[in-house]
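Okay, so here's the structure we're looking at.
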Amino acid sequence: MSENSFTSSQRILSRIRRFLLIATVLGCSAPVWAQFRIEISGVGGTQMPIAVTEFRDEVNCPQPVSGIIRADLERSGQFSLANVAGAQLSETSVPAWSDWRGRNADALAAGSITKLADGRYDVRFKLWDVVKGQDLGGESLAVPADDLRLAAHRIADKIYQKLTGERGVFATRMAYVTKAGGRYALRITDADGEGGQVALASPEPIISPAWSPDGRELAYVSFERHKAIVWVQDLSTGRRRVLADFRGSNSAPSFSPDGQSVALTLSRDGGSQLFVMDRNGGNVRRLTQTQAIDTEATFTADSKTLYFVSDRGGGPQIYRMSVAGGSAERVTFNGAYNISPTLSPDGRSMAFITRVGGGSFKLCVMDLASGNVQQITDTVNDEKPSFAPNGRLIVYATRAGGRDVLMTTTLDGTIKAKLLSTQADVREPTWGPFGN
Amino acid sequence: MKMHNIVMALASAAVLAACSSAPLDEKAPVEDKAARPVSGSQGASATPGSASESKIQTIDLGAQLNAAVKNQRVVYFDFDSYAVKDDYRGLIDAHAKRLSFDHKLRMSLEGHTDERGGREYNLALGQKRAEAVAQALMVMGVQAVQIEPVSFGKEQPAVEGHDEAAWAKNRRVELKDK
């Protein structure tokens with residue numbers, strides 16, 4: 001199967017494979033449900049059991065809306081799924097509370113899908129508190145067929161927010177790079193890794209995609225001109241421009257959260273050094289002045305501080321410094337090789353990659369206040385972590401089964417899900433910002 | 001080109017021919033029915049009686065310099081190292097002479113790493129290797145404007161594979177004409 005031949009039936013097959021694989025990886029022998037149930041292990045009693053029934057007339061709709069909602073909620077690590085077998089319910093129903101309590105569901109969601117005269121679909125849902133027997137509200141979304149997946153993710157977000165008090169990230173997007181048959185593609189997908197669209201296809205490598213804070217643009221490094229050049233592409237129009245094409249290599253772009261500037265690595269003066277420029281490419285200023293490698297800069301939420309990688313002390317370690325300049329402060333002290341820092345949106349945690357004995361590269365999370373570090377994976381070729389905009393999940397690249405794959409994990413490492421199932425190598429994930 | 005430059009170039013060509021084992025460009029416009037070996041220092045003084053007295057033996061310095069860098073396009077590096085090893089003194093010398101002979105020549109020095117480690121950090125490591133080769137050339141008198149050190153990091157391995165044999169072939173700088 002080629003990487004770009006995701007017909008819907010193949011997608012469904014790949015989904016089933018994906019869940020089978022997760023069940024295998026986690027050593028679960030539980031049956032895999034026809035409704036794309038994800039098997040998860042290693043969690044305590046903190047998950048809320050929720051029932052999401054098949055939406056009325058969902059069978060006539062091109063997307064498995066309730067299945068997408070269930071998979072979203074389960075992948076978040078905050079919910080477990082209650083058994084909905086045999087239930088026929090919609091947003092207009094009056095639930096039989098004793099039945100749902102008997103199924104150990106604390107919350108229940110149901111809905112309907114109606115095709116409108118103009119070809120769009122009216123997707124409605126309602127959420128109930130089963131314990132209190134209470135209506136928690138609902139919504140109606142009229143969307144074209146192309147946006148049905150988005151509608152499902154938005155409903156999952158509403159449910160997530162209502163029940164956890166935090167924003168969900170299911171309707172956000174991810175960017176990543178695939179490599180198959182010597183061809184590279186920069187792809188944009190839903191946060192579950194499905195519904196992918198190609199933003200750039202190229203015979204040459206593409207690395208380091210970075211979202212603009214408004215989610216409209218993507219900066220990335222393309223080697224299409226046989227050297228590393230930083231481009232910025234408007235995703236909806238496909239218009240793109242060169243942001244940095246100086247002598248030598250231009251790489252590691254990162255937008256400031258205030259949207260005003262981009263930090264990047266340039267070798268134009270010799271060596272790989274950090275620079276900051278306006279987002280239109282003007283006002284280029286050099287930030288570091290070392291004989292060492294300084295790269296992989298990422299901004300704190302207030303846009304005032306940069307975390308970055310430097311080998312000024314010998315091996316690569318993570319440092320931080322003010323965007324205004326000045327001295328740098330070392331952040332990582334364990335191990336001889338720490339790279340690819342990324343900060344949680346609340347600024348409390350930093351995810352990064354460390355090299356451990358035997359040449360393994362492992363995803364770690366550091367609590368910045370205490371400096372405590374936790375390795376949170378069992379894989380050995382982890383790369384390039386990126387936080388979800390609500391800070392509850394991390395997406396990262398790793399190797400499994402001889403291929404580059406993407407995984408999501410909770411910050412404590414207990415709940416992991418593999419994104420996508422494709423013959424292509426998948427790498428360089430970066431999680432997009434909240435939409436509107 | 002000024003006269004002393006020509007003299008210098010001729011002198012370097014002579015040294016080059018004397019110390020280089022690279023074959024001369026077979027396409028050089030030389031007709032020599034005696035199939036006598038041609039070298040830079042002897043070619044100009046044809047032996048009387050072996051050919052027409054009006055025959056002029058051409059020396060194409062550019063072709064000789066091109067021939068000297070044929071198959072001399074890759075510098076390999078040790079693990080975690082950016083030092084251009086002594087083994088490559090001849091290669092660096094040949095490229096330096098060729099670049100100095102024709103100041104319009106432009107080359108790309110493409111640094112590469114093995115597959116281990118992060119993509120961006122490896123990009124910086126490959127850049128460091130490319131800049132080490134650039135430095136070695138500039139020490140030999142090459143102008144900075146003629147050579148652009150760039151990096152592909154670990155993105156374009158020469159050899160696929162996950163062992164030291166493959167890695168050793170991937171830690172390299174390729175010298176390419178632009």
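Rule-based calculations on the coordinates, nothing more; no lab input. Note that the structure is predicted; figures quoted are calculated from it, not measured. Reconstructed Cβ throughout: ideal geometry from the backbone, glycine too, with neighbour counts over all protein chains shown.
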Seminar exercise, completed: So the angle from the long Cα axis of helix A:148-164 to the longest Cα principal axis of chain A, reported in degrees to the nearest 10, equals 90
Exercise. List the lysines whose alpha-carbon lies under 18 Å from that of A:Lys132, not counting same-chain residues fewer than 8 positions away?
Worked result: A:Lys162
Exercise. What is the average number of partner chain Cβ atoms found within 10 Å of a Cβ in A:219-231?
Worked result: 3
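To the nearest whole number, what is the average tally of beta carbon atoms from other chains within 10 Å of the beta carbons of peptide A:281-287? Intermediate results must be reported in sequence, preceding the final value.
Working: counts 0, 0, 0, 0, 0, 0, 0.
Per-residue shielding by partner chains comes out at 0.
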Exercise. Principal axis lengths of region A:176-316 from Cα atoms, whole Å, largest first?
Worked result: 43, 34, 28
Exercise. Picking from A:Gly248, A:Gly165, A:Gly413, which is most flexible by a Gaussian network model of chain A using Cα springs under 10 Å?
Worked result: A:Gly165
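Among the listed pairs B:Lys104/B:Lys169; A:Lys416/B:Lys169; A:Lys179/B:Lys176, which are separated by more than 29 Å between their Cα atoms?
Values: B:Lys104/B:Lys169 31 Å; A:Lys416/B:Lys169 36 Å; A:Lys179/B:Lys176 25 Å.
Correct reply: B:Lys104/B:Lys169; A:Lys416/B:Lys169.
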Seminar exercise, completed: Amide H contacts under 5 Å for B:Arg106, restricted to residues at least 5 apart in sequence or on another chain and with H modeled in the peptide plane, are B:Lys178
For this session: Among the GluC sites (Glu not before Pro) in region B:70-178, which ones are in a DSSP loop with at most 13 other Cβ atoms within 10 Å of the Cβ? Mind listing them?
Result: B:Glu160
Exercise. So for region B:72-177, Kirkwood radius off the Cα pairs, Stokes-Einstein at 20 °C and 1.002 mPa s: how many µm² s⁻¹?
Worked result: 157
Exercise. Using alpha carbons only, how many degrees (0 to 90, rounded to 10) separate the axis of helix A:8-25 from the longest principal axis of chain A?
Worked result: 80
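Using the scaling law 2.2 N^0.38 Å as the reference, what is the normalised Cα Rg of region A:43-164?
Details: Rg = 13.7 Å, N = 122, 2.2 N^0.38 = 13.7 Å.
Cα-based Rg divided by the globular estimate yields 1.00.
Name the shape class, rounded, prolate or oblate, that the alpha-carbon gyration tensor gives for region A:173-431, where a ≥ b ≥ c are the square roots of its eigenvalues, rounded holds for a/c under 1.5, and otherwise prolate holds if a/b is larger than b/c and oblate otherwise.
Values: a/c = 1.42, a/b = 1.03, b/c = 1.38.
The shape class here is rounded.
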Problem set entry | Long-range HN-HN contacts of A:Val52 with modeled amide H, under 5 Å | A:Ala82, A:Ala109
For this session: Before anything else, pin down the relative contact order of chain A: Cα pairs under 8 Å, at least 6 apart, normalised by residue count, whole percent.
Result: 11
Seminar exercise, completed: Largest fluctuation, A:Asp118, A:Asp146, A:Asp99 only, Gaussian network model of chain A with Cα springs under 10 angstrom, belongs to A:Asp118
Seminar exercise, completed: Scalar couplings 3J(HN,Hα) for region A:247-263 by Karplus 6.51 cos²θ - 1.76 cosθ + 1.60 (θ = phi - 60°), nearest whole Hz, x for Gly and Pro, are 3, x, 9, 10, 7, 6, x, 8, 6, 6, x, 7, x, 7, 9, 10, 9
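To the nearest whole number, what is the average tally of beta carbon atoms from other chains within 10 Å of the beta carbons of peptide B:149-162?
On the way: counts 6, 11, 8, 8, 7, 2, 9, 4, 0, 0, 0, 0, 0, 2.
Rounded to a whole number, the mean comes out at 4.
From the helices alone, meaning DSSP H stretches of at least four residues, give me the mean residue ellipticity at 222 nm for chain A, per-run term -39500 (n - 2.57), in deg cm²/dmol to the nearest 500.
Details: 4 runs with 52 residues, N = 436.
It comes out at -4000 deg cm²/dmol, rounded to the nearest 500.
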For this session: Would you kindly calculate the mean projected area, averaged across all directions, of the convex hull enclosing the Cα atoms of chain A, in square nanometres?
Result: 21.7
Problem set entry | Phi-based couplings in Hz for region B:163-176 (Karplus 6.51, -1.76, 1.60; Gly and Pro marked x) | 10, 4, 4, 6, 4, 4, 7, 8, 7, 7, 10, 9, 9, 10
Exercise. Got the relative contact order for region A:156-314 handy, in percent, Cα pairs under 8 Å and 6 or more residues apart?
Worked result: 12
For this session: Mind pulling the angle between the C-alpha long axis of helix A:65-75 and the longest principal axis of chain A? Nearest 10 degrees, somewhere in 0 to 90.
Result: 50
